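The values are calculated or read from the model by the stated rules, or taken from the named source; none is laboratory data. All values derive from a computational prediction rather than experimental measurement. Here Cβ is always computed from backbone atoms with ideal geometry, including for glycine, and neighbour counts include all displayed protein chains. Heavy atoms of the whole protein, side chains included, go into the accessibility calculation; ligands, DNA and RNA do not. Shrake-Rupley method; radii C 1.70, N 1.55, O 1.52, S 1.80 Å.
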Amino acid sequence: MIVPVFEEYEPAPDCPCAGCAERRRDLAKGLPVRSGGHPAAHGARRALVLMTAAGVALGATGAEPARAAGAASAVAFDPDPESPQGGSGPLHGRPLPGPGSSRPPAEPRMSTRAEIINRAKLWVAAEVPYSMEKYWSDGYRQDCSGYVSMAWNLAGNEWTGSLAEFGVRIDREQLQPGDMLLFHNPDDPNKGSHVTLFGGWTDYTHTYYRAYEQTKPNARAQSTPMAYWENNGRYIPYRYKGLVERPDGKGPGAGTGAASGVSATFPGAGAFRPGARNKYVTQLGRMLVERGGKRFYSRGPGPGWGDADRRATRAFQLAQGWRGAAADGTPGPGTWRLLVKGLGKNIPPVRPPGGTSGGGHGRPPGGGTTTAPAFPGSAYFRPGSSSTYVAQLGRQLVKRGFGRHYATGPGPRWTEADRRNVEAFQRAQGWRGAAADGYPGPGTWRRLFA
């Protein structure tokens, strides 16, 4: 009798059949204890080896090997292995210090979508092994968040609890290559927290995408269900703040193009300090005017650094989706490069909160909304904030049928009633967790005013 040969097979990662799903889940049981496997699994694995050997012996005497063959196929590829991670820290063995866990760098490093994906492919091609203690030759930690830190070219190693600071939250239908899908479990960060890079849709229904990720046993790129194998509804999409793209997302920015006669070399932060007077201030002002900042200058721009330059610079930085220290009105290398190269987004025109600006935005007199007014920023919707944007939000919530928590108003001051009404609207969209926290973001704002 021919002795059967017992082989392990690797099923397609997106195959929904019960056998493939079971085989994928069983990989974790085969991991060594030092890599996160369970000790009991090793007894089962040793028993599996004995069963396989027994099957071979029985096969020589004519016994049925089918049961042993089935057992031999139990250890397989797991599509969703656990991926614990380290915290924030500097690049390993590199001179650049990394940011703290709650403090983003002053300005993000600029990257195109192609550069982000190409960096992600490097680790996949090298089959960089997963580790939360080891660092690859480029200085980045070999876990899921270190992988995204590398692909986004961050100045340090981040973790799932801090990566969101480097991105702008978007809706899933807005995903493009180079964006990330992030799930951070604040109750137990090592239980389920994970992050992947979006590499593009793999089917026309937009239910599967190509995920670039660092997980056990090594970096990989494969078709993955949106947003992941588990905790699907808890993954939030973000776009890198330092992304270089046109408003249509295809390349160099609109407008006049690269600044004529201006060097792309950043002259240094000292050129843009109170009391500074030099040609670089003039060059900066002219570029800002070309990108929509004319309204900030009553005269000039001129060689002396002033408040008009600071406000115009901040407006340009905010237009890129930057916040906090990244949008303080002081130009850095990233701001300078975008202006000189004609990249990034232009400064948007002013739109009155309750009206129109001639472009169809806002609320027409006596009528409903056409297209959504521009999102003013999250800072307007925080405890203690008071602005016309809060009142505008409240009126729209009432109009859409989500005003039951208002005892009076709505008014210009942000209150718990505003937050609860926003949360009710977000939940009505099917959002849960951090996506339905009651604080409006660009996606909530756009849907509310659509």
>> Criterion first (open to solvent by less than 70 Å² (accessible area, probe 1.4 Å), more than 29 Å from PRO177 (Cβ to Cβ), modelled with pLDDT under 90 and small (Gly, Ala, Ser)) does GLY300 satisfy it?
In response: yes
>> Restricting to region 107-121, and then to whatever is open to solvent by 20 Å² or more (accessible area, probe 1.4 Å) and in a loop (DSSP other than H, G, I, E, B), can you tell me which residue is farthest from PRO177 (Cα to Cα)?
In response: GLU107
> Can you tell me which of ALA435, ALA424 is in contact (Cβ under 8 Å) with a residue 40 or more places away in the chain, closer than 22 Å to ASP171 by Cβ and either assigned to a helix (DSSP H, G or I) or open to solvent by 20 Å² or more (accessible area, probe 1.4 Å) (or both)?
Replying inline: ALA435
> Yes or no: TYR147 surrounded by fewer than 17 Cβ atoms within 10 Å (Cβ to Cβ), hydroxyl-bearing (Ser, Thr, Tyr) and not in a strand (DSSP E or B)?
Replying inline: no
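Does THR408 fit the bill of being more than 25 Å from the chain's Cα centre (by Cα) and either exposed (fewer than 14 other Cβ atoms within 10 Å of the Cβ) or modelled with pLDDT of 90 or more (or both)? Explain how you work it out, then say what you get.
Working: more than 25 Å from the chain's Cα centre (by Cα): yes; either exposed (fewer than 14 other Cβ atoms within 10 Å of the Cβ) or modelled with pLDDT of 90 or more (or both): yes.
Yes; evaluated as a whole, the condition is true for this residue.
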